[in-house]
1. Only one of (1) farther than 28 Å from residue 412 by Cβ; (2) surrounded by fewer than 22 Cβ atoms within 10 Å (Cβ to Cβ); (3) touching a residue at least 40 places away in the same chain (Cβ under 8 Å) fails for residue 293. Which number is that?
2. Of (1) in a loop (DSSP other than H, G, I, E, B); (2) touching a helix residue (DSSP H, G or I) at 6+ places or on another chain (Cβ under 6 Å), residue 94 satisfies all except one. Which?
3. If I ask for residues that are in a strand (DSSP E or B) and under 30 Å from residue 413 (Cα atoms), which ones from segment 157-197 would you list?
4. Would you mind stating whether residue 314 is buried (at least 23 other Cβ atoms within 10 Å of the Cβ) and within 30 Å of residue 214 (Cα to Cα)?
5. When only residues in segment 347-364 that are buried (at least 20 other Cβ atoms within 10 Å of the Cβ) and closer than 14 Å to residue 399 by Cβ count, which is nearest to the chain's Cα centre (by Cα)?
6. Report the residue count in segment 364-384 for those that are out of contact with any strand residue (DSSP E or B) (no Cβ under 6 Å at 6 or more places or on another chain) and part of a strand (DSSP E or B).
Ligand SMILES: CC(C)(COP(=O)(O)OP(=O)(O)OC[C@H]1O[C@@H](n2cnc3c(N)ncnc32)[C@H](O)[C@@H]1OP(=O)(O)O)[C@@H](O)C(=O)NCCC(=O)NCCS
């Protein structure tokens, strides 16, 4: 831990500190206090760390060591790491119709002995200030508990779908699927890292398979942009297998060219009625509908299995349309990304809109005063946007939390208004803005960061 940085927002006795690779063990000690897990720190320390250290900060508490010998008449002081947060630098994070730099807030933890003393609040203020300094107009995160981040201006911007598909579930035919082949292999970064990275990014840029030039991307589809993140994504530590096998991958190909993949693990229980295996999939990615049909066809018919449990798929995933009986898969939505607009005009101008729009938003932001006030956003459908401060009367009023919820295009302003969180002042402006802020493809991130 190196040079301290102090701010007035931390309670007395605590100080901010930068963290570096030498602090890894302390970081993991704290992380396992914040997030109980079965793995030992001695084992975790051997795994690749996903952190970008220059964006990793701690909170320390100074503790007098009563048991030590006094030095120059004073007892030595120990510094304990009791809080931390970090962010991933997503330089090309997909927002509707474009990519923009986004800070992926992560590794947020406070030691249980120091909780509810506003350490998190101070870390969030620091994070938001850092984002603005770095020119990141948006921050996004996965919430460990959904009740935490709304108060800090993060809005619930995306859901993912969890399903349990019975083995052999009937799937509708898609022309051309039968021309695909699927190979199944033990997964490794060495063998599959480049293939997965390329297919994943392509699927996010063109989720409808329209080809070059499309602006209809999948918002939220973050890629593992740093080497550390990618290495960590492929680490297959036995401690995290939860009784399942080592990581496998199914690769779907057309004429020898990869068109998609699914990372998965199987587990098997022998019960009186026979083998009851579960196929747990991570990312299931396909570049076109026929490849998706071929891939799901294989995943839903693996021997000794009785169900497939994809972890997080887009709410509008092809599977939802392929299943003849969607009810049989017991679909359930879970909150996926939470989004915080950190710089209102920069964020509004960084995305595209699905319809012509010219609207004045009155934004309230209790944490970032620079965002407070009236902002005009103007854009032609699917073209570049402009946003700036205005003295004109507001068409709509909303909190920055609601702007974050609507930002990726998956939550409509109309639905937020229906819940009482967006006010319309000029009749007609809500419907028009709502259509423009919405996006044809549901936002989602396919992996937890
Ligand atoms: C969540 C956590 C970081 C909160 O840290 P903290 O320092 O206790 O938070 P603060 O004291 O700054 O709390 C600020 C506000 O958030 C609320 N809050 C904190 N944790 C909350 C939770 N888990 N659920 C709901 N509200 C929560 C506090 O009640 C307080 O509310 P108020 O402003 O209305 O008074 C900490 O409890 C922790 O490490 N939990 C386990 C790991 C985890 O969930 N990390 C988050 C990863 S996304």
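The values are calculated or read from the model by the stated rules, or taken from the named source; none is laboratory data. Everything numeric in this text was worked out from a predicted model, so none of it was measured. Here Cβ is always computed from backbone atoms with ideal geometry, including for glycine, and neighbour counts include all displayed protein chains.
1. Unmet condition: (2).
2. All conditions are met except number (1).
3. Those that are in a strand (DSSP E or B) and under 30 Å from residue 413 (Cα atoms): 159, 160, 161, 162.
4. On the way: buried (at least 23 other Cβ atoms within 10 Å of the Cβ): yes; within 30 Å of residue 214 (Cα to Cα): yes.
Judged against the criteria, residue 314 is a match.
5. Top of the filtered list is 363.
6. 1
For (1) within 30 Å of residue 32 (Cα to Cα); (2) in a strand (DSSP E or B), each residue gets a yes or a no:
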position: 242; (1), (2): yes, no
position: 284; (1), (2): yes, yes
position: 297; (1), (2): no, no
position: 302; (1), (2): no, no
position: 309; (1), (2): yes, yes
position: 316; (1), (2): no, no
position: 319; (1), (2): no, no
position: 340; (1), (2): yes, yes
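The rows are residues; the columns are (1) part of a loop (DSSP other than H, G, I, E, B); (2) more than 18 Å from residue 114 (Cα to Cα); (3) out of contact with any helix residue (DSSP H, G or I) (no Cβ under 9 Å at 6 or more places or on another chain).
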| site | (1), (2), (3) |
| --- | --- |
| 10 | yes, no, no |
| 28 | no, no, no |
| 31 | no, no, no |
| 47 | yes, yes, no |
| 51 | yes, yes, no |
| 61 | no, no, no |
| 68 | yes, yes, yes |
